[in-house]
Each structure stands twice: as C-alpha cells, then as structure tokens.
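Each remark here refers to the structure printed beneath this line.
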Amino acid sequence: MAGVTGANDLGGCVPAGRAASEMAVDAARRPERVRELQRRLWVAAKRSPGRRFHSLYDKLWRGDVLLGAWERVCRNKGASGVDGVTLAAVEAYGVERMLVELSVDLREGRYRPAPVRRVEIPKPQGGVRPLGIPVVRDRVCQQAARLVLEPIFEADFLPVSYGFRPRRSAVQAKEQARVSFVDGYVFAVDGDIRDYFSTIEHERLLALVAERVSDRRMLKLLGKWLEAGVMEDGLFSETVTGTPQGGVISPLLANIYLHPFDKAMVEASAGRLVRYADDCVPRTPKEGRCRRRSDWRRCCTGDGGAGPEGLVVLRGRSAGGGRKPPRGAPVKSRGAELAETARL
C-alpha cells in the first residue's frame, strides 16, 4: 500500500560490538529509555496518519528493549514451551547471556522461532479454549516487537476498543455500556466472533500491518511467528491461519485485524460500539436499527455463523434523574440490569 515513508531514527541500534555492554545499562534508566522510544514512535505516528515506518527491526536487539521485554515476560510468568525451558531455567543459565545471544541472532538474521505448544483450558461456559505457548526465548522476542509496534498502532486505534490495550480494561468497557443506557441506547447486540484467533487470515493481517510498517525484516519476522506451527502430543502441524492465543504478540495483531471493523462502524454512525477483542456490543436507541447493525456486523467481519449472539434489552432506571454519571463510577452502581435476551 502506498504511503508516506519518512526517516524514523528514533533511538538507533546497537552496534555489533556493544551487545553485551548494552545489557549492562543502568537499571534505573532502562524503563525511561524504552518509554522515550515508545513516546517518539507514538508521536510520529499520531502526527502522520499515513506514514509507514521503515526502520523498526533494528530496535528489537537494543539492550534496553530486550531487558524491558524480559521483565514483562517475567511478570506475566507462564509455562514452558516445546523445549521445556522455564523462566527459572533461563535465570540459572544467565539472563544476560540469553539476551545477548538473542540480540546477536536477531542482528545477524539467524533467529528462527520454535513451534508453539498447544494446550487446552476449559471455558466458563463449557468447552475448551486452545492456547499456544511459545518458548521463553520467543516470548521475549515477541514482547520486544510489541514494545516497538504497539505505540504506532495505538495512535490509530479508536476509543471503542478496550481489549488488550494499555490503560484499558473490561471494567471500562462495561462502564461505557452502562453510560450508553443512561443516554437512551437501550438495545444492544451481544456478539462474539466464532474461533476468531484461529481464523485470522495471515495475508490480510500482514497487509494491514504493512499499512503502517514498511520494514521488510519486521514483516518477515511477524510472518515467521504466524507460520511457526503447533506441537500437540508430540505431533507437529502447520498453521495456515490464525494467531495463537497465548502468544505475546497475538493480542496486538488481533486488534490490528479488527481495526477496519471499528472504523466502519464508527464512520457509518452505527449506534455506539464497545469491543473487547472479538466480543462486540453495538448499541442503538431502537430495536429495528439494532437488528440491522447485527446483520451489518456479520457482513463486515465475514462471520456468517457467529455465536453466541443475541438482542439484549436493557431495563432499569438510572440514578440522578437520568443524568450521565460521573466518570469512573463503579459498574455495579446506578445502572441497568440485563433483563430479557431474545436470540436473533
């Protein structure tokens, strides 16, 4: 896709002979340097909506970025991947040693991701949810890529999206739905895209990323993660669609994939939309309009069999004479009750 490509030397890269010394950067300055890099990327993307960033891959092997990625991976904990290496095993091996090796492999083009380990966890509503667990080394690399890419796409994402985004949560999404009821949007479609993470088209996803990223090495790296394959019960299977739930980079890619849907709903003034990952709730003042929005959502997402999906009628009285409650009010205070649910 054509776009504006400008110089974006927003922090430089680590020269070949400085990989180890870069890892020893003062611990107090690492978060500050990573935040400064993210701030510059976000500002550049916000100021130039059509800009495509061409120099991003060399940010991945920076010592401060890799160390910041490692710290986030440690906070998230998580199980081992197909190689059986745990976070504790990496610490015993030497974190700095592992990060230097990863930095060199990225810089010299030798990095290859391992297949993800497939596990299944039970869903609260029944059934199972497949998770793909990358090895620790790949999780660190994905987190480094997320640190670099996320500010660029956060500059584009709309306020209607709440899932897996910085400083946004499910509680805020629920609060937005409650506030809309107070404003008269009493009909809502509760929709969920079936097998969303497993059915994302790789080619289309990478094309959407390329609207903002022209760095071929970064795009190639994303493609490697998408096509890394899955190991389940000792058997390897290729991945031709989808991005694994459990991958560090997957939530960002999932939001990028549905960003055109958010734009289409907002630009068409299709009521008020609240989306949390693949769960979306368009709301309108009238039932007929709400049903039409449901049909349009199916068309936009290409999900003719989405489920579950139902028309939800919000009933109840708002406190304060129908006035909009103050920002930050608790979700369970002064709001509507979900009363009748009629399946479309």
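The values are calculated or read from the model by the stated rules, or taken from the named source; none is laboratory data. Because the structure is a prediction, the values reported are computed rather than measured. We place every Cβ from the backbone using ideal geometry, glycine too, and count neighbours over all the protein chains shown. For the accessible areas, the whole protein counts, side chains as well, though only heavy atoms, and no ligand, DNA or RNA atoms are used. Shrake-Rupley method; radii C 1.70, N 1.55, O 1.52, S 1.80 Å.
Side notes on the structure shown:
- Filter pass, Arg35 being under 20 Å from the mean Cα position of the chain (by Cα), modelled with pLDDT of 55 or more and surrounded by 12 or more Cβ atoms within 10 Å (Cβ to Cβ): yes
- Applying the condition of being in contact (Cβ under 8 Å) with a residue 24 or more places away in the chain and part of a loop (DSSP other than H, G, I, E, B) to segment 162-180 and asking which residue is most open to solvent (accessible area, probe 1.4 Å) yields Phe164.
- Test: Arg97 is open to solvent by less than 30 Å² (accessible area, probe 1.4 Å) and charged (D, E, K, R): no
- Number of positions in segment 70-84 that are surrounded by 14 or more Cβ atoms within 10 Å (Cβ to Cβ) and in a helix (DSSP H, G or I): 5
- For Arg112, the criteria (1) outside any helix (DSSP H, G or I); (2) modelled with pLDDT of 95 or more; (3) surrounded by 15 or more Cβ atoms within 10 Å (Cβ to Cβ); (4) basic (Lys, Arg) hold in every case but one, which is (3).
- For the residues Leu87, Leu102, Leu67, Leu60, the requirement of being open to solvent by less than 60 Å² (accessible area, probe 1.4 Å), in contact with a helix residue (DSSP H, G or I) (Cβ under 8 Å, 6 or more places away or on another chain), closer than 27 Å to Glu211 by Cα and aliphatic (A, V, I, L, M) singles out Leu60.
- Only one entry of Arg139, Arg97 meets the criterion of being closer than 30 Å to Glu211 by Cβ and part of a helix (DSSP H, G or I), and that entry is Arg139.
- Pair list, Cβ < 8 Å and 6+ apart or interchain, from segment 102-125 residues that are among the acidic types (Asp, Glu) to residues that are in a loop (DSSP other than H, G, I, E, B): Asp105/Tyr111
- Residue-level check: of (1) more than 25 Å from Arg216 (Cβ to Cβ); (2) at pLDDT 95 or above, Arg137 misses just (1).
- Look at (1) over 19 Å from Gly242 (Cα atoms); (2) among the acidic types (Asp, Glu); (3) touching a strand residue (DSSP E or B) at 6+ places or on another chain (Cβ under 6 Å) and you find that Glu71 fails only one, number (3).
- Residue that is surrounded by the most Cβ atoms within 10 Å (Cβ to Cβ) [pool: residues in segment 115-136 that are β-branched (Val, Ile, Thr) and either at positive phi or assigned to a strand (DSSP E or B) (or both)]: Val116
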